[in-house]
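Values in this text are rule-based calculations from the coordinates and carry no lab data. Bear in mind that the values here come from a model prediction, so they are computed numbers and not experimental data. Quick reminder, even Gly has a Cβ in these numbers, built from the backbone with ideal geometry, and neighbours come from all protein chains shown.
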Amino acid sequence: MTMEDGSHVPLSAETAKELLDAAKAAQADRAKRMPDDHSALKAMFDAWQRLKELGWRDGDHAPKDGTTFESIEIGSTGIFDCSYSLCGFWVADGGDMWPSHPILFRLKPEDEAKRKAKMAEAAARFRDEATMIGRY
C-alpha cells in the first residue's frame, strides 16, 4: 500500500479482504443500476448532460493557447488543471504532468469572466452596427 508520503507498506490480509469486498460490492451495485449497454449509456448521457448544466463545455472547444483550465476525462473521477501545448493536452497534479484527452472543460473563474466580458462587448458592437444599418 502506498502511503501519503510515498512510502510503501504491506497490506494486511484484513485490509486486502475489505478492499476486495468493497470492489465486489461496487461492481454488484453498478450491475444492478445498469444491467445492460442501454442503461449504462443512459447513465453516461445523464451525467454528461448534468455536467453541461453545471457549466462544463465540450472538450473539443477547450483553449489551445496555453490557458490553464479545469478538465474531465473518461476513466477518471477527478477534475484536473489542464493546458494545451504543441504536443497536445496535459493535466497537472501533484507536481507531475500526464497526456490528456479532456471530454469536458471549464475555464477558471477569472478567465470565464474575461470571456463573458468579451462576448458582451461583441454583442453590444453587433447591436450598434445593426442599429446603424437599420438607419439606411
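Annotations
- Number of the condition not met by LYS108 [criteria: (1) touching a Gly at 6+ places or on another chain (Cβ under 6 Å); (2) over 30 Å from ALA31 (Cα atoms)]: (1)
- None of GLU53, GLU14 is surrounded by fewer than 10 Cβ atoms within 10 Å (Cβ to Cβ) and closer than 19 Å to ILE74 by Cα except GLU53.
- Test: residue in region 49-58 that is touching a Ser or Thr at 6+ places or on another chain (Cβ under 7 Å), under 20 Å from PRO109 (Cβ atoms) and assigned to a loop (DSSP other than H, G, I, E, B): no
- First in region 84-104 and on the phi > 0 side of the Ramachandran plot and free of Cβ contacts under 8 Å to residues at least 60 places away in the same chain, second anywhere and exposed (fewer than 13 other Cβ atoms within 10 Å of the Cβ) and not acidic (Asp, Glu), Cβ under 7 Å, 6 or more apart: GLY88/PRO99
- Among the residues making up region 32-48, those that are surrounded by 11 or more Cβ atoms within 10 Å (Cβ to Cβ) and part of a helix (DSSP H, G or I) are SER39, ALA40, LEU41, LYS42, ALA43, MET44, ALA47, TRP48.
- Of the strands (runs of 3 or more DSSP E) contained entirely in region 66-130, those carrying at least 2 residues that are out of contact with any His (no Cβ under 8 Å at 6 or more places or on another chain) and exposed (fewer than 14 other Cβ atoms within 10 Å of the Cβ) fall at 88-93, 96-100.
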